[in-house]
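Notes to accompany the following structure.
The values are calculated or read from the model by the stated rules, or taken from the named source; none is laboratory data. A quick note: this is a predicted structure, and the numbers were derived from the prediction, not measured. With ideal geometry, Cβ positions are generated from the backbone for all residues, glycine too; neighbour counts draw on all protein chains shown. Ligands, DNA and RNA are stripped out before the accessible areas are found, and what is left, the full protein with its side chains, is counted by its heavy atoms. Shrake-Rupley method; radii C 1.70, N 1.55, O 1.52, S 1.80 Å.
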Amino acid sequence: MDLDLDKCYDKFQGSNILSDYTDDETNFSHNWRKWVKENHPDRKMNIKDPKTKQRITQNFQEMSDCKDKIYNDLYRNNDKNITNTFENLMDEIDQSKISKDEKIANGIELLHMLYNYSNSLLEHAFEQDDYIMIQMVNAIILGLILVTKRFFKLPGNSGSGSGQVGGENETENETENETGNETGNETGNELLLSRALSSMTFSNPMSFSNSSPTMIPAGVLESQMKQLEVMEKMIEVQQKQRLYDIDIRKAEKRLAAQDIVNDMLIIERDNLKTEHNKNRFDISNLSHKLFVDILKYCHENNIKIVPRGSGTGLSGGALPLADCVLLGLSKFNKILEIDFENRCVVTQPGVTNLSLTKAVEHNGFYYAPDPSSQIACSIGGNIAENSGGVHSLKYGTTTNNVLGVEIVLMDGTVMKFGGKKLESEGYDLLGLITGSEGLLGVLTEVTVKILKKPQSVKALLLGFQSVEDSGQCVSDIISGGIIPAGMEIMDKPLIKATDDYAKAGYPKDVEAILIVELDGTESEVNILIKRVEEIAKKNKSTYLRISKNDEERLRFWLGRKAAFPAIGDMSPDYLCMDGTIPRKKLAEVLKEITKLSQKHGLKVANCFHAGDGNLHPLIMFDSNIKSELKKAEKFGADILKYCVKVGGVLTGEHGVGIEKRDLMCEMFNDEDIQQQLNIKQAFDDKSLLNPGKVYPILHRCAEGGKMHIHKGDTKFKDIPRF
Amino acid sequence: MREIYSPSSEHEVADFIKNCNSREIPIEIIGHNSKSIGRLIQCSKSLNLKNLSGIIEYFPEELYIKVKSGTPLDLIEKELDKKNQELSFEPSDMGFLYNGKSNKGSVGGAVACNLSGSRRFRAGALRDHILGFRGINGKGEIVKSGGTVVKNVTGYDVSKLITGAYGTLVALTEIVLKVQPKNEESQTLLVNNINLKKALNIFSKSMQTSVEISGACFYPAKMSKFFKLNDLDTTTSITAIRLEGPKISVVERVNTLKKLFDEYKKTISVLENYQSRIFWQNTTDLQFFNNSTNVVVKIILPPVNTDQFINKFENEELKYVVDWAGNLIWAEIPENDSVLLRQLRMEVIKLGGHMTIIKAPNHVRIKEDFLTIVDENIKVLSLKIKESFDPKKILNPGKMYSGI
């Protein structure tokens, strides 16, 4: 049987999650290629002994045959059978009348075989996000570990300074020495063990060679054994607490910038996914103890974690990283208590924003912050990003609507900030957590405020011949003492796109549209409408329509809410930026954006939360054309820099995440950033939670002294820096 | 002899603190010295920020005002009033409580204490209105966060952290506050002579309608004697609900509530705009404890437990007023009754709330806990956060908790 080394490499790449354990900082892929070139120039490796080959093939066939059975057993939570299968295979080999070294050789081949098998499953599982598959693979890996341990419980292993192997059990009398080991038995066996371990942990590319063994560097075997232990422990933890969604993803692909764009487009997919998996595992019955155990374990073993809600974030804040465990909380989604007396709701963090509102609708209540992704985004994620929404001018953002959280810190400490009472004493830790983008702790419970629906809601659709006029109208409305429930501006390119897409019936001959929504009692709304009408006329509006009923009002919003999909329809790809500016600078900023659009050669459409100054330029590009992605990013960064220049901020509601991380220095100087990093230290002293997000990495290294920069090489070279 | 240093610029503040940091000299930070709040601390040096005064930027149409931290609060409110705007969290004038006369203090002080008035349960507290700040941390470094816009998720929301931190994290030099348009009309619906339980019920019912109330307080009989309003009957308990907005809307909503509480129609009355404003101003300013020489505490509870709490201490010499629709109890107890103080605190904790000592004679401020510590982990975390700003603990050391 031939093992195609390139295929192996592709499969194994990125599966090394334990790189932190090796002191050896050498670049894996460089070594791999070098080793392959030197030892297997034909890029294939043969299994020598035909009998072994046959036996392995047979076993593999058996495994393949019972694959479905295994799958079914696992589905019914009975993966003990997989371990049994391994045990049986092992027993067979063990009891066969071949030499010890042959057995060992068989063992190694079996490992290779099974590892192949498990990795092809793994790849499939990751692509499908098939949780059950991943469980199965874990079971297989446990089996591999078992095989290794059994096969290498060899007597008399003196260990060339690299620690014991297995246990010194019964002395075996076989001293045959075949299968091409040139060195002595002891070191030969250790070598084989090392190879076997490497094939599972892939820290050392010497794994596949059966011939011409060389000495193992001291310490490597030890560290490999340690890695093995950790892996085993982790899988044990997983097996023990199987009902949660720990996802160890291969993130190499996902780190590409593509994914920040695709993240938005997979809103649909994520949502479908949840529905699909609804019946599989119900973790909502578990308490925070689960997360305490996970975080404690990871803290003790220096394993990094990325918490993730629904994954609808637009700045890559929950983006999985190659060397981090992804802690998915979207299934932790039960509403725990609805308290109309105290006007609050207590939920688990995975509950979606819209389902929160829907749960209290029947009594005429709702949850105010309503980001456009509310059908899918989780309340835990909302808190992490301090999400806003159309109505945030009047009703505030998430931070003004959260009453309390229960949070688990990286070292497993559980704390409650706030609660059903209106405010807390001491430092405003609740306020600090909101908008902390998953860097300070993992939320396990959330208490939010609910409001009574207003009696009457009406909207005005206003058209203007210039963006300046619409901006001035907004200023006048606010200086006039009116705080509408929502105000949105759309520029001409966006009007055209959404009108084509959603057929919202927008006027075609205007340069800008302003939607103003007013709520309150019936009479109050009518008064306000008249006032807004006057102000609009004063600002030369050329189109004015007032919603006669709820249906018409929703149709005004139809186009605006369809903005993103409309652009998605028009352009192969788009980047959505998120900067906040003083309202009165809108016209100026839009002019600059037009200039930049010409400079970078990319089209752009803008919508603007006129109520609070939050601007969303949508940069259109085609990722198939090389360099357009980079251009789009540069364009986006230029826009954000200009926003800061006119007195605004980098991000109003999408968060910094990875997307704007390196722009933080536009707004903050070294001391500001250091102060914030110090705050982070107070919560997470080892910086294991959501690393690489929000704060520029170089600052963290230099100051914290935590990262070893080896020969000028930064770690995780593969993580692109935008 | 305490040395008082009164710098006039941010740089001077920074240098002063840097200096004290290197020599590990503790500093007490003072604004206008209007509130003797928090634990009693002794520092050899005192940093007085009253000269950092002035409005830096005010754009009514952008709904924010940027000021230097030592600016008198009433100066700011006067400026806002000219443009028909206000700070909707209604900062209290604590001067009456502490000294028997008006003294709103500095805006920095208001931020450091996070004191908000009666409208807080509707409009949010001061911490919901702070958009950004500049300050000097314990190492003498100038740090800033936030901006002038409402929507901002750039980095940690440090503005919230320093609000209510009583000067233990930074010495504030600049603050940006959100402003709102002033309400055209204010009216107050009064129901006399009902007990607390019924009052809380009224609050709850009102908040479950779309009427939008912006004030809800309860005065037991005898607590309201200080009022001098023609249309206010102070012989019995007073339950008051405030409605604000455009005049037509307010009138309509008052009528809606009147209909809703028809059962009390014999004792319902309404305060019109002028008197209504005075009523709430006096409530916010704690006029009922004017110049108290006893211990005044601020108790925050989930409103469903308020009645239970008050009933438990019915027989004690407990004077109280309930505000924030039942979320807040202001209480006064005799200054030497530390047993009662502790009992109160324990019961508050049991009912899921907390108690802050707002005013007390010095001997109490030394002995008793200023804030309620229920969870040791939070104290540990607070200490770490304190150290992240002020590793040598020189800014107002011990003002919030002993040891922090």
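Are any of the residues in the stretch B:326-333 in contact with a helix residue (DSSP H, G or I) (Cβ under 6 Å, 6 or more places away or on another chain), outside any loop (DSSP other than H, G, I, E, B), at pLDDT 90 or above and at the interface with chain A (Cβ under 10 Å from one of its Cβ atoms)? Outline the logic, then answer.
Taking the stretch B:326-333 as the starting set, the residues that turn out to be in contact with a helix residue (DSSP H, G or I) (Cβ under 6 Å, 6 or more places away or on another chain) are B:326-327, B:332-333.
Next, only the ones that are outside any loop (DSSP other than H, G, I, E, B) stay: B:326, B:332-333.
Applying the additional criterion that residues be at pLDDT 90 or above yields B:326, B:332-333.
From the residues that got through so far, the ones that are at the interface with chain A (Cβ under 10 Å from one of its Cβ atoms) too are B:326.
Yes, the stretch B:326-333 contains a residue that is in contact with a helix residue (DSSP H, G or I) (Cβ under 6 Å, 6 or more places away or on another chain), outside any loop (DSSP other than H, G, I, E, B), at pLDDT 90 or above and at the interface with chain A (Cβ under 10 Å from one of its Cβ atoms).
Condition check ((1) in a strand (DSSP E or B); (2) within 14 Å of chain A (Cβ to nearest Cβ)) across all residues:
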| site | (1), (2) |
| --- | --- |
| B:Ile29 | yes, no |
| B:Gln42 | no, no |
| B:Lys50 | no, no |
| B:Ile65 | yes, yes |
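Is at least one residue of the stretch B:197-209 buried (at least 24 other Cβ atoms within 10 Å of the Cβ), in a strand (DSSP E or B) and not charged (D, E, K, R)? The answer is no, given that none of the residues of the stretch B:197-209 is buried (at least 24 other Cβ atoms within 10 Å of the Cβ), in a strand (DSSP E or B) and not charged (D, E, K, R).
Applying the selection to the stretch A:527-575, what residues are within 14 Å of A:Val516 (Cβ to Cβ) and outside any helix (DSSP H, G or I)? Within the stretch A:527-575, A:Asn539, A:Ser541, A:Tyr543, A:Leu544, A:Arg545, A:Ile546, A:Ser547 meet the criteria.
In the stretch B:269-280, the qualifying residues are those that are open to solvent by 30 Å² or more (accessible area, probe 1.4 Å) and in contact (Cβ under 8 Å) with a residue 12 or more places away in the chain, and the one that is nearest to B:Lys359 (Cα to Cα) is B:Ile278. Of the residues making up the stretch A:674-693, those that are at pLDDT 85 or above, more than 7 Å from chain B (Cβ to nearest Cβ) and in contact with a Phe, Trp or Tyr (Cβ under 9 Å, 6 or more places away or on another chain) are A:Leu677, A:Lys680, A:Leu689. If you go through the stretch B:222-254 and keep only what is over 22 Å from B:Asn201 (Cβ atoms) and either of a type in the set (Ser, Thr, Tyr) or outside any loop (DSSP other than H, G, I, E, B) (or both), you end up with B:Thr234, B:Thr235, B:Glu244, B:Gly245, B:Lys247, B:Ile248, B:Ser249, B:Val250, B:Val251, B:Glu252.
Sort out which residues of the stretch A:442-473 are of a type in the set (Val, Ile, Thr), within 11 Å of another protein chain (Cβ to nearest Cβ) and touching a helix residue (DSSP H, G or I) at 6+ places or on another chain (Cβ under 6 Å), and write them in order of number.
Let us first name the residues in the stretch A:442-473 that are of a type in the set (Val, Ile, Thr), namely A:442, A:444, A:446-448, A:450, A:457, A:467.
With within 11 Å of another protein chain (Cβ to nearest Cβ) added as a condition, the list becomes A:447, A:450, A:457.
If the condition is that a residue be of a type in the set (Val, Ile, Thr), within 11 Å of another protein chain (Cβ to nearest Cβ) and touching a helix residue (DSSP H, G or I) at 6+ places or on another chain (Cβ under 6 Å), then A:Ile450 is the only one that fits.
When the stretch A:363-375 is filtered for residues that are open to solvent by 10 Å² or more (accessible area, probe 1.4 Å) and within 23 Å of the chain's Cα centre (by Cα), the ones remaining, listed by number, are A:Asp370, A:Pro371, A:Ser372, A:Ser373, A:Gln374, A:Ile375. Determine whether the stretch B:294-309 contains at least one residue that is more than 14 Å from chain A (Cβ to nearest Cβ), out of contact with any helix residue (DSSP H, G or I) (no Cβ under 7 Å at 6 or more places or on another chain) and either closer than 17 Å to B:Cys217 by Cα or among the acidic types (Asp, Glu) (or both). No, the stretch B:294-309 contains no residue that is more than 14 Å from chain A (Cβ to nearest Cβ), out of contact with any helix residue (DSSP H, G or I) (no Cβ under 7 Å at 6 or more places or on another chain) and either closer than 17 Å to B:Cys217 by Cα or among the acidic types (Asp, Glu) (or both).
Applying a threshold of 9 Å to beta carbon distances and a minimum spacing of six or more residues, or different chains, the list of pairs starting in the stretch B:61-75 at a residue that is without any contact (Cβ under 8 Å) to a residue 24 or more places away in the chain and ending at one that is open to solvent by 10 Å² or more (accessible area, probe 1.4 Å) and part of a strand (DSSP E or B) reads B:Leu75/B:Ile55. Would you confirm, using the coordinates I've provided, whether A:Ser597 is modelled with pLDDT of 90 or more, open to solvent by 10 Å² or more (accessible area, probe 1.4 Å), in contact with a strand residue (DSSP E or B) (Cβ under 7 Å, 6 or more places away or on another chain) and more than 14 Å from chain B (Cβ to nearest Cβ)? Here the answer is yes, as A:Ser597 does meet what is asked.
Scan the stretch A:410-418 and give yes if some residue there is part of a strand (DSSP E or B) and among the acidic types (Asp, Glu), otherwise no. Walk me through how you get there before you give the answer.
Applying the first criterion (part of a strand (DSSP E or B)) to the stretch A:410-418 yields A:414-418.
Now restrict to residues that are among the acidic types (Asp, Glu): none.
The answer is no; no qualifying residue exists.
The C-beta contact set for the stretch A:530-544 (first residue farther than 16 Å from B:Ile248 by Cβ and of a type in the set (Asp, Glu), second residue assigned to a strand (DSSP E or B) and open to solvent by less than 60 Å² (accessible area, probe 1.4 Å), distance under 7 angstrom, 6+ apart or interchain) comprises A:Glu533/A:Leu544.
With without any contact (Cβ under 8 Å) to a residue 24 or more places away in the chain and either β-branched (Val, Ile, Thr) or within 11 Å of another protein chain (Cβ to nearest Cβ) (or both) as the only criterion, which of A:Leu439, A:Leu422, A:Leu409 stands out?
Checking each option against the conditions leaves just A:Leu422.
Only a single criterion out of (1) open to solvent by less than 10 Å² (accessible area, probe 1.4 Å); (2) farther than 30 Å from A:Gly441 by Cα; (3) in contact with a helix residue (DSSP H, G or I) (Cβ under 8 Å, 6 or more places away or on another chain) is not satisfied by B:Leu340, namely (3). So is A:Arg254 open to solvent by 10 Å² or more (accessible area, probe 1.4 Å), of a type in the set (D, E, K, R) and at pLDDT 70 or above or not? Criteria not met by A:Arg254. Would a scan of the stretch B:31-53 turn up a residue that is modelled with pLDDT of 95 or more and within 30 Å of B:Ser214 (Cα to Cα)? No, the conditions are met nowhere in the stretch B:31-53. Just wondering, is there one or more residues in the stretch B:359-376 that are away from chain A (no Cβ under 14 Å), open to solvent by less than 20 Å² (accessible area, probe 1.4 Å), part of a helix (DSSP H, G or I) and at negative phi? Checked against the condition, which is being away from chain A (no Cβ under 14 Å), open to solvent by less than 20 Å² (accessible area, probe 1.4 Å), part of a helix (DSSP H, G or I) and at negative phi, the stretch B:359-376 yields at least one hit. For B:Cys113, the conditions (1) more than 27 Å from B:Lys18 (Cβ to Cβ); (2) crowded, with 17+ Cβ neighbours inside 10 Å all hold with the exception of (1).
Among the small types (Gly, Ala, Ser), closer than 30 Å to B:Leu63 by Cα and in contact with an Asp or Glu (Cβ under 6 Å, 6 or more places away or on another chain): which single residue out of A:Gly388, A:Gly316 fits that description?
Working: A:Gly316 fails: closer than 30 Å to B:Leu63 by Cα.
From the options A:Gly388, A:Gly316, the qualifying one is A:Gly388.
Of the residues making up the stretch B:312-321, those that are closer than 22 Å to B:Ala240 by Cα and open to solvent by 80 Å² or more (accessible area, probe 1.4 Å) are B:Glu314, B:Lys319. Within this structure, B:Leu383 fails the test of being on the phi < 0 side of the Ramachandran plot, of a type outside the set (S, T, N, Q) and surrounded by 22 or more Cβ atoms within 10 Å (Cβ to Cβ). The condition of being among the small types (Gly, Ala, Ser) and within 9 Å of chain A (Cβ to nearest Cβ) holds for only one of B:Ser402, B:Ser382, B:Ser338, that being B:Ser382.
What single numbered condition from (1) within 11 Å of chain B (Cβ to nearest Cβ); (2) under 25 Å from A:Thr580 (Cβ atoms); (3) surrounded by fewer than 21 Cβ atoms within 10 Å (Cβ to Cβ); (4) without any contact (Cβ under 8 Å) to a residue 24 or more places away in the chain fails to hold for A:Leu354? So A:Leu354 meets the others, but not (1). Contact annotation: residue pairs with Cβ atoms under 6 Å, 6 or more positions apart or on different chains, pairing a residue in the stretch A:651-673 that is within 7 Å of another protein chain (Cβ to nearest Cβ) with a partner that is crowded, with 24+ Cβ neighbours inside 10 Å and assigned to a helix (DSSP H, G or I), are A:Gly655/A:Glu385. Figure legend. Inter-residue proximity from the stretch A:624-637: first residues open to solvent by 80 Å² or more (accessible area, probe 1.4 Å), second residues at pLDDT 90 or above, beta-carbon distance below 6 Å, spacing 6+ or different chains. No pairs are indicated.
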